[in-house]
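Structure record follows, encoded as structure tokens.
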Amino acid sequence: MRERYRSHSRILIVSIGLLLATYLVGAQSIRCCSYANGSCRSACEQLSLVSMATDPAQLEVSLRKLNNLCHRPSMISFWNCMNETLEEIDKGNGWIGRPCCRIPQSEKCMRACLQAQSLLDLTTSCRKSDEIAFYTCIERQEAGERCCKNAQTSSCHEACKNVFVDSFTPTKAVREAIHRHCSEGNPKVQQCVHSYIHVTPADHPFRNMHCCERSLSTQCRTVCKETLRTETTTQEIVDGLTRGGCGPPLPQDWLWQCFLLNSVANEPGGSLIQSEKVGMDSAKLQCCFRAATVNCQRLCIETFSNQWTSSWNDFDRLCQYQLAEAEMTRCLTEVDEPCELGCEGLDYCTNFNFRPTELFRSCDLRSDRAAQQDVASWEKGVIHLPMMEIPVLKISGCYSEIWKAIACALQIKPCHNEAHINRICKTDCIDILNKCVDRNRLKHNQNPITLCEILSPPGNDTPCISLSPYLVKSKHVQTALEITHPCKPNKCGPNDVCIVDRNCLINQKCSPYACIPGCRMGDMSQLIVPRNSFVRVPSNTHGPHCQMVCYCNHENLLEDCMTPSCISTDHCWHEGKRYNHNTQFRDGCKTCFCYDGEVTCSPKKCDSGLPCNCKDHYVPVCGANGKTYPSACLARCKGLTDDQFEFGACYDSDPCSPNSCHPYHRCVPKKRVCLSIRHRSCKQYDCVDMQHNCNQLPKSPVCDTDNVEHPNICWMLQRRKALAYYGKCMSHCRGSGLVCGHNGETYASECAAWAERVSVDYKGGCAAVGSKHGKNSRCGGIKCSPLPSEDCTKVFPPGGCCPICGSALRLLYSQKLSDWSVEAIRDVDPVVVQTIAEKFREHVKVTECDVFAYLSLESDIIVLVIAISDSPTKLQVEACIREAEKLQALIKQHSPTLLTELPLSFFTTAMMIDPVSDSSAQNDFNFFNLFVILIITSIYIHKQRTL
């Protein structure tokens, strides 16, 4: 139930299959020409048998020409052959598929078409999988036959036939003829041809005027400008350009690239990606392996790799609207329109405004107008959907507000918090159709229940979108402004990624967002990754489960694609039980995941607060992976050998002693925690070339201990300043005073911790390891700062002592994939925890929430989404929880939106960490205090007795 045509690129793709076939078919040679000679043979070889068979006028001209050049007495064999050929193809003259005979790619199929009298005559010569455009054309002709046979007048019948005469969108004159000749007494014809004559208004076509200059043809440039000035619909623009000499819409043609991307800034060297390298849309290509059927998987792979011109129509018709393919469809939709928090500024769907903590795919004015147009269209008595048509009573007199809510929901697309689906609940569907469906016009075996079985998710407990919240105004009308979404609507260019800039405080003269240039994941992809990113994409040539790693360079192109890694999708064995690839399961109180034959579980014991039954003594050691472990036992539990850790916290170690840098290079500590040290060491320092011109180095800000910002570390060292932390100087945190992070590391200041994307647990150096609040706490001597607001949730991050105001996620990852990532690019950066945190941070679009992450003692990643306002409101805290839930859903669904980028690609599943109520914490605290008092009392009594 979505808008049939939402963009220029959609129109172009749908029409491309038949257009290509029309342009690529050359003159089909006539076998009889071998019997002729001289000018007769030359004229014969220039004729097209297909044109003669499908166009009576062309046949008459061709025969007249042959009669003049080919004298019958001397060429009896030639004319006998011609007569036999013409008699043979004349047998199928009345078959409705005859106009399509110019489309087949194989000569065998083309001849079979010319001789066919029905569709059955094609089965042996025309494979449907190879001749998709041809069969699509036949289906169009069959549709025309079905529509036009209902005509009650000859004028209406003729007007109807003209709709299906070719693969182009009917011209304005043809559409007007249908309305003129079939409006009275021919309702079935009008209803039948509606989807074929329906056109979509072009959205400011003059904005694409610059694209005309991209053509090398003077004729095309002239036609292009005239078409954009005169035509008002997207379909007419495409057809006008194609007919006018601009050729079919091919992605390698600069003119069509400009239109396909609908970009005003798409110059040579822009973000177009070679389709032969990563496919037309490598993000969507990842979705193809979610297909429920082999046929849809094949069509999906063909569509989004390099064969989309011939497979798109079949894929769209056979797969995209099938309930069985819901998982694949959701994945594809997520790439084009990811679910994001917030909706406001709508003029028609006003009940959807002021909803800052709800997820929507398409909350914009264009969708708002489309919903209004849908309601106006439904008023005519028929709801036209891709998979069916539903006859309804006059909706203005039958619960009109519910129909408005339905139209708005279908266009604005609210998302379920967990499942990210957009289908309306079955109970709502059945209820409104029971009231307003026109039962007299329903087909046999159709009723509200059977219709809703197709339109709504199966079962009564399946996640769905309820209409009831959108029948009334939002409860946040007065408070919605507490939440800001700087990237909604997206104000950046078509090849940029919008990222929230949380360093820009309220009332400061700065932009609350940044536009980062990036690379598209294919010539037709809507997913853009920031420049300097590594991405993991499916390999086109090495098999269905093979991946390769590419780099987004400064020219916004994917390059240096490296040897792929192939996932075996092997099942796993764990504790004597078999688990399928890519599945989550429980082992007691532990969560485990099977991926490519590898089982990943948290090592935490159900009856112990710390992993591997380690004692809670705090005698820290620094691991080779850069993480401080509270004890050697916990380091060994992680898998580190005795030569892979040293006693003492990582904060106290000096990675520049001894100096490992080359002469004339300055060693600067740069602490990091790595998920993989199998193929590369987790280096804790950088070497800065002091003889290099600092101006020639890329901009990478650093902040010194005087809170002065420098363009890069080279500039700071030349000015003889000391490093406080990497990144821009921050003004909304404390720049001095030791703090302990939730990761168990000590930092010089709160700002230094935040710069490494670590949240502060408590003030002072790290002195304890927390496991659980209350009775099992190891944090008895730790003083926690009060939460900033009474509206805060109280979530205790694993291993920490103090709660946060926000939400927390526990992520499991595949060690095999993280090791492979390091091996593939020969760099540990993608598996550095700070890099991972920064990538997650890019996906959180609410200014009032910030993202932190660390490697836990259980060897999983903890992601914290924290409300960072001075005094967070209830709505701001809720927004942070919703952002965490969004990340959880994207990881559990393995969404390409998130997992395309290499640092996020090896996560297998995610779990929310539940908040703790004050009453529960207080009860545990009281129990703990009582326990301590009893022990002290017992010791005192014992001493008194011994005196």
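The values are calculated or read from the model by the stated rules, or taken from the named source; none is laboratory data. In this text, all values refer to a predicted model and were calculated from it rather than measured experimentally. Here the Cβ positions follow ideal geometry from the backbone for every residue, glycine too, while neighbour counts run over all protein chains shown. We work out accessible area using only protein heavy atoms, side chains counted, and drop any ligands, DNA or RNA first. Shrake-Rupley method; radii C 1.70, N 1.55, O 1.52, S 1.80 Å.
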Identify all residues within the stretch 440-468 that are open to solvent by less than 70 Å² (accessible area, probe 1.4 Å), hydrophobic (A, V, I, L, M, F, W, C) and in contact with a helix residue (DSSP H, G or I) (Cβ under 8 Å, 6 or more places away or on another chain); write none if there are none.
Leu451, Cys452, Leu455, Cys464, Ile465, Leu467
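Right, His420: of a type outside the set (A, V, I, L, M), within 20 Å of Gly381 (Cβ to Cβ) and assigned to a loop (DSSP other than H, G, I, E, B) or not? Steps first, answer last, please.
Numbers: of a type outside the set (A, V, I, L, M): yes; within 20 Å of Gly381 (Cβ to Cβ): no; assigned to a loop (DSSP other than H, G, I, E, B): yes.
Taking the combined requirement at face value, the residue does not satisfy it.
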Residue under question is Leu66, and the condition is that it be out of contact with any Phe, Trp or Tyr (no Cβ under 8 Å at 6 or more places or on another chain), over 27 Å from Arg140 (Cα atoms) and in a helix (DSSP H, G or I); does it hold?
yes
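Take the residues in the stretch 891-913 that are farther than 20 Å from Cys519 by Cβ and open to solvent by less than 10 Å² (accessible area, probe 1.4 Å); name whichever of them is nearest to the chain's Cα centre (by Cα).
Filtering the stretch 891-913 for residues farther than 20 Å from Cys519 by Cβ gives 891-894, 906-913.
After this cut, where a residue has to be open to solvent by less than 10 Å² (accessible area, probe 1.4 Å) as well, the list is 891, 906-910.
Working: Ile891: 12, Phe906: 17, Phe907: 16, Thr908: 17, Thr909: 18, Ala910: 18 Å.
Filtering first and then ranking leaves Ile891.
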Are there any pairs with C-beta distances below 7 angstrom linking a residue in the stretch 758-773 that is under 9 Å from Gly800 (Cβ atoms) and at pLDDT 90 or above to a residue that is open to solvent by less than 30 Å² (accessible area, probe 1.4 Å) and assigned to a loop (DSSP other than H, G, I, E, B), with the two at least 6 apart or on different chains, and if so which?
Ser759/His742; Asp761/His742; Asp761/Gly800; Asp761/Cys801; Asp761/Cys802; Tyr762/Cys801; Tyr762/Cys802
Considering only residues that are of a type in the set (A, V, I, L, M), at pLDDT 90 or above, open to solvent by 20 Å² or more (accessible area, probe 1.4 Å) and more than 16 Å from Val437 (Cα to Cα), which ones fall in the stretch 372-409?
Ala376
Per the filter on the stretch 849-870, residues modelled with pLDDT under 95 and of a type outside the set (A, V, I, L, M, F, W, C) are Ser856, Glu858, Ser859, Asp860, Ser869, Asp870
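Name the single residue, out of those in the stretch 475-487 being assigned to a loop (DSSP other than H, G, I, E, B) and under 28 Å from the mean Cα position of the chain (by Cα), that is farthest from Ser871 (Cα to Cα). Working first, answer last.
Taking the stretch 475-487 first, the residues assigned to a loop (DSSP other than H, G, I, E, B) are 475-479, 483-487.
With the extra rule that they be under 28 Å from the mean Cα position of the chain (by Cα), the set shrinks to 483-487.
Working: Ile483: 13, Thr484: 16, His485: 19, Pro486: 20, Cys487: 23 Å.
Here the answer is Cys487.
Quick check on the stretch 494-504. Is at least one of its residues of a type in the set (Lys, Arg), open to solvent by 60 Å² or more (accessible area, probe 1.4 Å), closer than 30 Å to Ser731 by Cβ and not in a strand (DSSP E or B)?
The initial filter retains those residues of the stretch 494-504 that are of a type in the set (Lys, Arg), namely 502.
Still in the list and also open to solvent by 60 Å² or more (accessible area, probe 1.4 Å): none.
No - not one qualifying residue is present in the stretch 494-504.
So, in the stretch 803-819, how many residues would count as being under 19 Å from Glu878 (Cα atoms) and not hydroxyl-bearing (Ser, Thr, Tyr)? Spell out the reasoning first.
The initial filter retains those residues of the stretch 803-819 that are under 19 Å from Glu878 (Cα atoms), namely 803-810.
Narrowing the set further to residues that are not hydroxyl-bearing (Ser, Thr, Tyr) leaves 803-806, 808-810.
Of the residues in the stretch 803-819, 7 are under 19 Å from Glu878 (Cα atoms) and not hydroxyl-bearing (Ser, Thr, Tyr).
Mind listing whichever residues of the stretch 307-347 are of a type in the set (Phe, Trp, Tyr) and in contact with a Leu (Cβ under 9 Å, 6 or more places away or on another chain)?
Residues of the stretch 307-347 that are of a type in the set (Phe, Trp, Tyr), as a first pass: 308, 312, 315, 321.
Result: Trp312, Phe315, Tyr321.
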For the structure I just gave you, tell me whether Ala824 is farther than 26 Å from Thr591 by Cβ, in contact (Cβ under 8 Å) with a residue 40 or more places away in the chain and in contact with a Gly (Cβ under 8 Å, 6 or more places away or on another chain).
no
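Can you tell me which residues in the stretch 352-371 are open to solvent by less than 30 Å² (accessible area, probe 1.4 Å) and of a type outside the set (Phe, Trp, Tyr)?
In the first step, residues of the stretch 352-371 are kept if they are open to solvent by less than 30 Å² (accessible area, probe 1.4 Å); the result is 352-353, 355-357, 359-363, 367-368, 370-371.
Within the stretch 352-371, Asn353, Arg355, Pro356, Thr357, Leu359, Arg361, Ser362, Cys363, Ser367, Asp368, Ala370, Ala371 meet the criteria.
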When you go through (1) closer than 26 Å to Gln320 by Cβ; (2) in contact (Cβ under 8 Å) with a residue 60 or more places away in the chain; (3) in contact with a helix residue (DSSP H, G or I) (Cβ under 8 Å, 6 or more places away or on another chain) one by one for Val437, which number turns out not to apply?
(2)
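Residues Ser74, Ser48, Ser106: which one is more than 48 Å from the chain's Cα centre (by Cα) and modelled with pLDDT under 80? Write out each step before concluding.
On the way: Ser48 fails: more than 48 Å from the chain's Cα centre (by Cα); Ser106 fails: more than 48 Å from the chain's Cα centre (by Cα).
None of the other options fit; the residue is Ser74.
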Within the stretch 793-846, track down each residue that is open to solvent by 20 Å² or more (accessible area, probe 1.4 Å) and over 23 Å from Ser681 (Cα atoms).
Thr793, Lys794, Phe796, Gly799, Pro803, Arg810, Arg841, Glu842, His843, Lys845
For residues in the stretch 139-186 being among the aliphatic types (A, V, I, L, M) and not in a helix (DSSP H, G or I), which is surrounded by the most Cβ atoms within 10 Å (Cβ to Cβ)?
Ala151
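For (1) at pLDDT 75 or above; (2) hydrophobic (A, V, I, L, M, F, W, C); (3) open to solvent by 20 Å² or more (accessible area, probe 1.4 Å), each residue gets a yes or a no:
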site: Thr222; (1), (2), (3): yes, no, yes
site: Thr232; (1), (2), (3): no, no, yes
site: Gly245; (1), (2), (3): yes, no, yes
site: Asp253; (1), (2), (3): no, no, yes
site: Asn262; (1), (2), (3): no, no, yes
site: Ala283; (1), (2), (3): yes, yes, no
site: Gln307; (1), (2), (3): no, no, yes
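Can you give me the number of residues within the stretch 81-114 that are open to solvent by 80 Å² or more (accessible area, probe 1.4 Å) and either assigned to a loop (DSSP other than H, G, I, E, B) or within 21 Å of Ala43 (Cα to Cα) (or both)?
Kept after step one, since they are open to solvent by 80 Å² or more (accessible area, probe 1.4 Å), are these residues of the stretch 81-114: 84, 87, 90-91, 93, 102, 105, 107-108.
Now restrict to residues that are either assigned to a loop (DSSP other than H, G, I, E, B) or within 21 Å of Ala43 (Cα to Cα) (or both): 84, 87, 91, 93, 102, 105, 107.
Looking only at that region, the number is 7.
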What is the residue count in the stretch 430-463 for residues that are within 24 Å of Gly397 (Cβ to Cβ) and of a type in the set (Asp, Glu)?
2
